[in-house]
Amino acid sequence: MSGSSLDGLDIAYCHFEKGNSDWKFSIENAECIAYSKEWQDRLSTARTLDGRSIWQLHTDYGHLLANLVRDFISKNNLTGKVDLIASHGHTIFHFPDLHFTTQIGDGAALAVGTGIPVACDFRSSDIALGGQGTPIVPIGDLLLFKEYNHLLNLGGIGNLTIRTNGNIIAFDICSANQVLNYYAAKKGLEYDKDGAIAASGRLFQPLFDALNALEYYQKHYPKSLDNGFSKEIVIPLIDGFDISTEDKLCTYCEHIAHQIGAYIGKEQSSKQGKLFITGGGAFNAYLISRIAANSQMPVYIPSDEVVKYKEALVMAFIGLLRLRKEVNVLSSVTGASHDSVGGALYHP
């Protein structure tokens with residue numbers, strides 16, 4: 001799994017077991033492998049490339065994945081033990097209104113380079129069926145984390161899953177670490193540890209109001225965000241205000257918390273259970289405190305392993321469901337005409 005925050009490639013070796021009615025899972029080995037400066041630059045500028053250069057990047061990235069997965073298998077003594085590689089790839093474009101989404105990382109190169117079957121390109125079938133193609137993690141929320149009614153992932157983009165009236169809905173809620181890390185970098189840091197910089201700032205009401213007035217928040221779900229939302233809309237809006245970096249971070253944390261609380265408050269089940277939070281933002285103590293205050297729900301943060309690797313775990317599960325020809329993308333989440341079995345299979 002490669003997320004929009006570009007911190008690196010998450011690789012997880014997972015086991016799944018199907019009981020009479022429930023799935024059980026374990027994460028046996030996991031690691032986040034940081035991208036080199038060259039690969040950070042190539043991935044972050046991919047949207048500006050011409051067609052030929054994007055396809056070259058797609059192929060090169062597939063070979064990079066193969067090399068990193070091979071090293072991971074060797075390091076963890078997993079040779080001969082891996083049945084399937086499930087690869088999300090790295091999202092370059094996501095425009096469901098135009099009927100396409102692009103996750104690079106050539107599945108054929110990954111399969112041949114590792115000698116292991118590969119499942120990938122999990123979003124395209126849903127897009128073809130008129131869906132958003134995202135979020136796709138809620139199939140894992142539905143089957144692997146059944147005890148929670150509200151699940152929040154705070155990655156580069158934040159997304160929320162809610163069980164309500166017997167259904168499951170989910171959507172991208174707002175940009176998260178993409179924006180927070182951008183302003184932490186202004187202080188020479190990779191991220192705002194514990195939200196300390198944000199906590200030292202003050203909420204700036206005009207910016208807070210302008211963020212909440214963005215058109216995306218007026219849309220009803222199903223809805224999803226492209227990676228360009230942060231760079232092309234949110235960050236330019238924030239930079240239009242002459243305030244300190246501390247105040248920008250404080251205000252944006254409050255914006256994230258407000259948007260989460262607003263949606264949770266609309267649901268009848270909002271007073272039941274706990275808010276289950278994963279993703280890098282779960283380690284931002286200040287942000288979590290503001291989310292808890294705005295959602296008026298107790299917050300539950302699982303083990304560090306699940307916080308860091310839940311998305312990689314669910315990608316593995318989605319790949320397994322694809323292999324079993326079982327539904328792995330939910331139309332109640334994406335708005336597609338029906339549930340689908342998404343993903344392409346490549347054999348070495």
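Restricting attention to region 141-183, the residues that are over 16 Å from residue 275 (Cα atoms) and assigned to a helix (DSSP H, G or I) total 8. Scanning region 33-51 for residues that are in contact (Cβ under 8 Å) with a residue 40 or more places away in the chain and either charged (D, E, K, R) or farther than 19 Å from residue 227 by Cβ (or both) gives a single hit, 47. Screening 17, 28, 38 for residues that are within 13 Å of residue 317 (Cβ to Cβ) and of a type in the set (Asp, Glu) leaves exactly one candidate, 17.
Is it the case that some residue within region 143-161 is of a type in the set (Gly, Ala, Ser), crowded, with 20+ Cβ neighbours inside 10 Å and not assigned by TED's automatic domain parsing to the domain that holds residue 275? Within region 143-161, not a single residue is of a type in the set (Gly, Ala, Ser), crowded, with 20+ Cβ neighbours inside 10 Å and not assigned by TED's automatic domain parsing to the domain that holds residue 275.
Which one of 189, 203 is more than 21 Å from residue 335 (Cβ to Cβ), part of a loop (DSSP other than H, G, I, E, B) and free of Cβ contacts under 8 Å to residues at least 12 places away in the same chain?
Values: 203 fails: free of Cβ contacts under 8 Å to residues at least 12 places away in the same chain.
Being more than 21 Å from residue 335 (Cβ to Cβ), part of a loop (DSSP other than H, G, I, E, B) and free of Cβ contacts under 8 Å to residues at least 12 places away in the same chain holds for just one of 189, 203, which is 189.
For the residues 256, 238, the requirement of being touching a Lys or Arg at 6+ places or on another chain (Cβ under 9 Å), over 22 Å from residue 170 (Cβ atoms) and part of a helix (DSSP H, G or I) singles out 238.
Here is a yes/no grid of residues against (1) of a type in the set (Lys, Arg); (2) buried (at least 19 other Cβ atoms within 10 Å of the Cβ); (3) out of contact with any His (no Cβ under 9 Å at 6 or more places or on another chain):
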residue: 2; (1), (2), (3): no, yes, no
residue: 14; (1), (2), (3): no, yes, yes
residue: 19; (1), (2), (3): no, no, yes
residue: 24; (1), (2), (3): yes, no, no
residue: 37; (1), (2), (3): yes, no, yes
residue: 40; (1), (2), (3): no, no, yes
residue: 45; (1), (2), (3): no, no, yes
residue: 48; (1), (2), (3): no, no, yes
residue: 52; (1), (2), (3): yes, no, yes
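Of the candidates 312, 316, 336, the single residue that is surrounded by 21 or more Cβ atoms within 10 Å (Cβ to Cβ), part of a loop (DSSP other than H, G, I, E, B) and at pLDDT 95 or above is 336.
The values are calculated or read from the model by the stated rules, or taken from the named source; none is laboratory data. Just so you know, these numbers come straight off a predicted model, no measurement behind them. FYI the Cβ positions are ideal-geometry reconstructions off the backbone, even for glycines, and counts take in every protein chain you see.
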